[in-house]
Amino acid sequence: MMHNRTNYRRMNHLAELTKQYVLKGNFKRVNDCLAIAEHQLRTGTAEMRNAVINGFLFSYSCFMEMNRTALNIPLPELLEKEYVKQVNAFGV
């Protein structure tokens, strides 16, 4: 259980960093953060994948919807698929 909370904290922290980089226009770092999240989604445990989807992706996608700059940054393949699932689930 503690490990799960740590995963969520890490993914929330990664989302916050990613959003800061978007606002600063540091798109190389944004892409680095997205690559980390994508890697964890591809190779992580079920708990880690859950943390990526529910921690990182949810936070970042809410930010994307409110910040037009972020919309110009393509998501890696698996993150994009999960993002589409979230949008469809919430009827956005």
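The residues of the chain present an accessible area of 62 Å² per residue when probed at 1.4 Å with all protein chains retained. If you build a Gaussian network model of the chain, linking Cα atoms that sit under 10 Å apart, which residue out of ASN67, ASN31, ASN12 swings the most? Answer for the Gaussian network model of the chain: ASN67. Between the listed residues VAL30, ASN72, VAL87, the Cα displaced farthest toward the positive end of the dipole of the chain, a dipole computed from Cβ unit charges relative to the Cα centre, is found at VAL30.
Compared with the alpha-carbon gap, the fully stretched path from GLU16 to ASN72 is longer by 18.4 nm at 0.36 nm per residue. Converting phi to 3J(HN,Hα) with the Karplus coefficients 6.51, -1.76 and 1.60 and the offset θ = phi - 60°, segment 17-24 yields 4, 4, 5, 4, 5, 4, 5, 7 Hz in sequence order, with x at every glycine or proline. Of the accessible area of the chain, computed with a 1.4 Å probe over protein heavy atoms only, carbon and sulfur atoms account for 56 percent. For the chain, the alpha carbon positions stretch 36, 29, 19 Å along the principal axes, listed from largest to smallest. Of the residues GLU47, GLU82, GLU65, the one that moves most in a GNM of the chain with alpha-carbon contacts below 10 Å is GLU65.
In the chain, helical runs assigned H by DSSP with n ≥ 4 each contribute -39500 (n - 2.57); averaged across all residues and rounded to the nearest 500, the mean residue ellipticity at 222 nm is -24500 deg cm²/dmol.
The values are calculated or read from the model by the stated rules, or taken from the named source; none is laboratory data. Keep in mind that this is a model prediction, so the values were computed, not measured. Quick reminder, even Gly has a Cβ in these numbers, built from the backbone with ideal geometry, and neighbours come from all protein chains shown. Each accessible area value is taken on the protein alone, full model and side chains, heavy atoms only, with ligands, DNA and RNA left out. Shrake-Rupley method; radii C 1.70, N 1.55, O 1.52, S 1.80 Å.
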